[in-house]
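Read through the structure below, which is laid out as structure tokens, and then see the notes.
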2 protein chains.
Amino acid sequence: MGATKTDLFSKKQNELAAMAKALAHPARIAILQVLVKTNACVCGSLVDELGLAQATISQHLKELKQVGLIQGTIEGTSVCYCINPKVWQQYKEFFAMFFKELPENKSCC
Amino acid sequence: MGATKTDLFSKKQNELAAMAKALAHPARIAILQVLVKTNACVCGSLVDELGLAQATISQHLKELKQVGLIQGTIEGTSVCYCINPKVWQQYKEFFAMFFKELPENKSCC
DNA sequence: AATATTAATCGTAATATTGCAATGAATAGA
DNA sequence: TCTATTCATTGCAATATTACGATTAATATT
């Protein structure tokens, strides 16, 4: 097998897992940090900054775009990527909510 | 290829990616939620609740234990798992910090 | 038109993950 | 001791991910 049994879990659980997955690679973390910092970026400069091949970065960008974390528009020959503030905020809230539900330290072990 | 080039990224970036990876599966999300709710749990009840094979759940528990998110002690014949509050808090702070750096909506696209 | 630049896509290889059956180890109760 | 229970570990098969070279598509420049 090896296919995740998404049907066994709630929509929220699958959603949160998918969100975590989008962040589950240092290259994507790095890309997001660069985008946050510069607030706008083409693929080329990312290639220089990160040291990965252009094709690889393009794929990571695609994944980030698929989950909605970034958005891009074509500007002549180059593409402008930036954070999608709404989705970013959503992510922030989702993770905060998930980690908020900390139990009252009745720790059993 | 296919091996992540961890050496290209900072320690923090790799760390955050690893943390996200630990959450990047609905089964692990579900397990954590159950542990948070009941605050103590053996593997058996998880098998009943989640509908995955015992071996599969055991593996997910192992992964969660490896990243430190949960801790377990043997209690006779059954094992007691619970959230590690310190690491949980750490996760919370890490993600909050990451998402806090939202730019001042000068959105370019 | 010919060339250069930029980024997406395709094909591939290597590696990682997911899931389960089978087996193993340890304790509890008959 | 024998058996049942509980969970970990091992080994396998299916699938997913990561990475890059090569190619493609589109616009810019000469």
State all residues of region A:6-22 that are more than 7 Å from chain B (Cβ to nearest Cβ) and open to solvent by 40 Å² or more (accessible area, probe 1.4 Å); if no residue qualifies, say none. A:ASP7, A:SER10, A:LYS11, A:LYS12, A:GLU15, A:ALA18
Tell me whether region B:81-88 contains one or more residues that are open to solvent by 20 Å² or more (accessible area, probe 1.4 Å), farther than 19 Å from B:VAL47 by Cβ and β-branched (Val, Ile, Thr). yes
Among residues belonging to region A:50-63 that are more than 8 Å from DNA strand D (Cβ to nearest atom) and under 14 Å from A:LEU23 (Cα atoms), point out the one that is surrounded by the fewest Cβ atoms within 10 Å (Cβ to Cβ). A:LYS62
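Results for (1) modelled with pLDDT of 95 or more; (2) away from every other protein chain (no Cβ under 11 Å); (3) more than 10 Å from DNA strand D (Cβ to nearest atom); (4) in a helix (DSSP H, G or I), shown as yes or no for each residue.
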| position | (1), (2), (3), (4) |
| --- | --- |
| B:LYS65 | no, yes, no, yes |
| B:GLN71 | no, no, yes, no |
| B:CYS80 | no, no, no, no |
| B:LYS86 | no, no, yes, yes |
| B:GLN89 | no, no, yes, yes |
| B:GLU93 | no, no, yes, yes |
| B:MET97 | no, no, yes, yes |
| B:LEU102 | no, no, yes, no |
| B:SER107 | no, no, yes, no |
Checking A:GLY44 against (1) open to solvent by less than 50 Å² (accessible area, probe 1.4 Å); (2) more than 7 Å from chain B (Cβ to nearest Cβ); (3) touching a residue at least 40 places away in the same chain (Cβ under 8 Å), which test does it fail? (3)
Hey, does region A:23-39 have a residue that's at the interface with chain B (Cβ under 7 Å from one of its Cβ atoms), without any contact (Cβ under 8 Å) to a residue 40 or more places away in the chain and open to solvent by 40 Å² or more (accessible area, probe 1.4 Å)? no
Checklist (1) within 11 Å of DNA strand C (Cβ to nearest atom); (2) under 24 Å from A:GLU15 (Cβ atoms) applied to B:GLN33, failing item: (1)
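The values are calculated or read from the model by the stated rules, or taken from the named source; none is laboratory data. The structure displayed is predicted, hence computed values, not measured ones. Reconstructed Cβ throughout: ideal geometry from the backbone, glycine too, with neighbour counts over all protein chains shown. Areas reflect the complete protein model, heavy atoms only, side chains present, ligands, DNA and RNA absent. Shrake-Rupley method; radii C 1.70, N 1.55, O 1.52, S 1.80 Å.
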